[in-house]
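Everything on this sheet refers to the single structure shown next.
The values are calculated or read from the model by the stated rules, or taken from the named source; none is laboratory data. What you see is a predicted model, and the numbers here were worked out from it, not measured in a lab. Neighbour counts run over all protein chains shown; Cβ positions are idealised from the backbone, glycine included. Surface areas here come from the heavy atoms of the whole protein model, side chains and all, with no ligands, DNA or RNA. Shrake-Rupley method; radii C 1.70, N 1.55, O 1.52, S 1.80 Å.
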Amino acid sequence: MKFFIDTAEISEIRELAATGLVDGVTTNPTLIAKSGRDFIEVIGEICSIVKGPVSAEVTALDAEGMIKEGEKLAKIADNVAIKVPLTLDGLKACRHFSDKGILVNVTLCFSAAQAILAAKAGAAFISPFVGRLDDIGQDGLQLIEDIVTIYENYPQFTTEVLVASIRNPMHIVDSAKMGAHVATIPPSVLKTLVKHPLTDKGIDAFMADWAKTGQKIVA
Ligand code: E4P
């Protein structure tokens, strides 16, 4: 499973990229607003830190406008993935970019039917939002299972399932069991993945016993 991080904060991206665990980055207009940075500038900076796909979202609502914006965003760096919303106009823009070999991330997916359309439009990634579905009492992970199953039935679909709106480690573990290709993870959730009380307890015990030996591995 590939790990993208869901943030536009440069310091967090640098910190996590240094672990070697980050395969890409996703942003959205809310995350850009939160960063307080210029959109074009911050996407350029992210692309220079992370070599994998960096999603930059269009804000026009009509296909023509999305194409104009996407063309500008695609020029920022070779690893920009154009993010478009799951509407008919978004799908039209998706087809335009995928025909040109430009990666497209179709976002705001809340149904399996929408995911089929994104695959047919040549999306590189489909972003189903699990947390937002859970928030309204629907089963976000069930949607992931449905999309993975459907895509597996059609090997000509090359779209990768990018699990989005992740709120906790189980969203990632369960999506991985289902075979989702990518998880885009908020930095705070990524940091909780490594945590286990028995790991901390084990380290404490080993360190205490090691100190008794009086030895050093490197003098
Ligand atoms: C994905 O690309 C989106 O940016 C993100 O996962 C949305 O998550 P949220 O529901 O926490 O805003």
**OP:** Tabulate in residue order the Karplus-calculated ³J(HN,Hα) for the range 91-98, using 6.51 cos²θ - 1.76 cosθ + 1.60 with θ = phi - 60°, rounded to whole Hz; enter x for Gly and Pro.
**Re:** 5, 5, 5, 4, 4, 4, 6, 5
Subject >> Backbone N under 16 Å from the Gln156 label point (7 Å along Cα→Cβ), restricted to the range 117-133 >> reply: 117-123
Original post:
List the trypsin sites (Lys or Arg not before Pro) in the range 41-94 that DSSP assigns to loop (not H, G, I, E or B) and whose Cβ has at most 13 other Cβ atoms within 10 Å. Which are they?
Top reply: Lys75
**OP:** Count neighbours as other Cβ atoms within 10 Å of each site's Cβ, and list the trypsin sites (Lys or Arg not before Pro) in the range 146-219 that are DSSP loop with at most 11 such neighbours.
**Re:** Lys195, Lys216
Subject >> Extension reserve of the Ala113-Asp134 stretch, reckoned as 0.36 nm per residue once the Cα distance is removed >> reply: 5.7 nm
**OP:** Return the sequence-ordered ³J(HN,Hα) values of the range 30-35 in whole Hz as given by the Karplus equation 6.51 cos²θ - 1.76 cosθ + 1.60 applied to θ = phi - 60°, using x for Gly and Pro.
**Re:** 5, 5, 5, 4, 4, 6
Subject >> Relative contact order (%) - the range 2-213, alpha-carbon pairs under 8 angstrom, separation at least six >> reply: 16
Original post:
Once you put a point 7 Å from the Cα of Ser11 and another 7 Å from the Cα of Lys216, both along the Cβ direction, what distance in nm separates them?
Top reply: 3.3
Original post:
Around Val54, which amide H atoms from residues at least 5 apart in sequence, or from another chain, sit under 5 Å from its own amide H, with H modelled in the peptide plane?
Top reply: Val25, Val80, Ala81
Subject >> Inter-label distance, nm, simple model (7 Å from Cα along the C-beta direction), Lys51/Gln142 >> reply: 4.2
Original post:
FRET efficiency for Ala77 and Thr19, Cβ-Cβ distance as r, R0 = 25 Å, nearest 0.05?
Top reply: 0.70
Subject >> Computed accessible area, Leu141, all protein chains, 1.4 angstrom probe, square angstrom >> reply: 30
Original post:
Of the chymotrypsin sites (Phe, Trp or Tyr not before Pro) in the range 1-70, which ones lie in a loop per DSSP and count no more than 10 other C-beta atoms within 10 Å?
Top reply: none
Subject >> Computed FRET value (nearest 0.05) for Thr192 with Ala33, which takes r as the C-beta separation and R₀ as 25 Å >> reply: 0.50
Subject >> Listed pairs Lys68/Lys100; Lys2/Lys51; Lys68/Lys120; Lys2/Lys34 exceeding 19 Å between Cα atoms >> reply: Lys68/Lys120; Lys2/Lys34
**OP:** Grab the DSSP H runs of the chain that are 4 residues or longer, score each as -39,500 (n - 2.57), total them, divide by all residues and round the 222 nm result to the nearest 500 deg cm²/dmol.
**Re:** -15500 deg cm²/dmol
**OP:** Pull up the cross-link candidates among the aspartates and glutamates for Lys177, meaning alpha carbon to alpha carbon under 12 Å and not fewer than 8 places away within one chain.
**Re:** Glu145
Subject >> Note, ³J(HN,Hα) from phi for the range 199-212, Karplus 6.51, -1.76, 1.60, rounded to Hz, x at Gly and Pro >> reply: 5, 4, 4, x, 4, 4, 5, 4, 5, 5, 5, 5, 4, 5
Subject >> Rotationally averaged projected area of the range 2-213 (alpha carbon convex hull; nm²) >> reply: 13.6
Subject >> Inter-label distance, nm, simple model (7 Å from Cα along the C-beta direction), Ala176/Glu64 >> reply: 4.7
